[in-house]
Amino acid sequence: MRLTTTFVSVSVFTAVLGFTLGDLSEHHADFMSLLFIALIVLSLMLSYLFARGYRIRMGDIEEAAILLAVGRLQHRIQIFNQQDEIDRLAIAFNRMSEILQQQVSQLQTLVAENQQLLKKAELAAADAERQRLARELHDSVSQQLFSLSLLAESALVEAKHDALKSLLQQMADLARQTQRELRSLLLHLRPLPLANQSLEEAAEQFLDSVSKRHHIQVHQSFHVHGSMPEWMEQELFRILQEAVSNALKHADATEIRVQCIEQEAAYTFSISDNGNGLPFLALNPIDESTKISADHYGLLSMQERAERMGGRIDWIEQQPGLTVQVTIPRLPKGDGAYDDKNLDC
């Protein structure tokens with residue numbers, strides 16, 4: 001019922017009642033006085049009931065406005081199907097809330113897309129700078145070190161004094177060692193992207209390149225039945241690059257084995273070498289609760305990547321060599337952790 005209809009009905013009822021009481025009061029004054037009082041009380045009660053209903057409904061609108069102001073855009077006002085002004089106001093208010101909720105959702109989606117674009121732009125800029133530095137180091141420092149080693153070896157052949165031969169041999173060895181470390185650094189500066197390849201394909205290409213450049217044996221074994229999430233393959237590939245770099249730079253390894261096994265509850269990814277291990281690990285054993293200091297950037301980056309995947313990383317010393325093992329629990333698809341849209345590498 002409309003508010004105007006309600007008020008008109010009450011007014012007509014009051015007017016008719018007044019005229020009727022006026023005619024009857026001339027003959028039954030006492031009785032009509034009591035009846036008049038009773039009717040006034042009844043009118044007040046009816047007015048209170050009408051007003052209470054409208055007050056409750058207006059209170060719902062007030063509450064909805066307050067909740068909307070503090071961000072509760074999903075709140076809606078109950079519709080009583082009275083077809084009056086308050087119902088129309090509630091319907092319009094609910095529609096406004098829906099539009100605001102849609103606009104906020106679209107804005108949040110736009111912000112998320114902008115953040116992803118910004119991250120991609122930052123990564124692209126960083127990759128471009130690393131590529132530039134790698135080219136500079138390869139074209140200048142690497143070539144100069146190679147020339148230095150050749151000169152030292154040539155001078156070693158011509159040298160006649162033992163002391164001079166010893167110094168030249170040290171110079172040649174130092175030049176070769178520095179060149180190996182520089183090549184290892186170039187692996188970091190110019191990481192090979194997956195480029196629409198699977199982890200197995202990218203690892204095979206990467207290990208083949210390492211084998212040819214450093215004259216070491218590499219072995220690869222993948223036992224994965226389905227496809228792994230792309231973001232996980234990216235993280236594991238970066239760990240592979242770091243582990244291989246450490247094996248070449250610090251452990252003097254001549255053989256590297258890479259293995260990936262898909263089990264019922266977890267993925268296990270391991271990189272093993274036959275080198276001298278890492279002196280840091282011998283002095284500072286690392287377990288699951290150990291947080292590596294920032295001084296050891298390579299080890300810290302591998303640990304952080306494993307943690308981002310919800311897994312763990314272990315450095316297992318062996319004789320000879322070292323095994324870097326990453327264990328990542330498998331979660332049902334849809335739990336969020338393995339959703340490609342949730343993480344951005």
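Since every read-out is calculated from the coordinates, none of them should be taken as a lab result. Keep in mind that this is a model prediction, so the values were computed, not measured. Because the Cβ atoms are built from the backbone with ideal geometry, glycine has one as well, and the counts that use them run over all protein chains shown.
Once you compute Rg and the Kirkwood Rh from C-alpha atoms, what is the Rg to Rh ratio for segment 124-184? Intermediate results must be reported in sequence, preceding the final value.
Numbers: Rg = 15.4 Å, Rh = 12.8 Å.
Result for segment 124-184 is an Rg/Rh of 1.20.
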Spin-label point model (7 Å from Cα, Cβ direction): what's the Ala128 to Thr109 distance in nm? 3.0
Calculate one ³J(HN,Hα) per residue across segment 258-272 by plugging θ = phi - 60° into the Karplus curve 6.51 cos²θ - 1.76 cosθ + 1.60, and present them in order as whole Hz with x for glycine and proline. 10, 9, 9, 10, 9, 10, 5, 9, 7, 9, 10, 10, 9, 10, 10
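Computed FRET efficiency, Cβ-Cβ of Asp314 and Arg238, R0 22 Å: what is it to the nearest 0.05?
Details: r = 17 Å, r/R0 = 0.79.
Step by step, r from the Cβ atoms, then E = 0.80.
If N is the number of residues in segment 195-280, what value comes out of its Cα radius of gyration divided by 2.2 N^0.38 Å? Please list the in-between numbers first.
Numbers: Rg = 13.1 Å, N = 86, 2.2 N^0.38 = 12.0 Å.
Expressed relative to 2.2 N^0.38 Å, the Cα Rg reads 1.09.
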Hull surface over four for the Cα convex hull of segment 100-226, reported in nm², is 12.6
Taking 25 Å as R0, compute the FRET efficiency from the Cβ-Cβ separation of Gln220 and Glu304 and round it to 0.05. 0.50
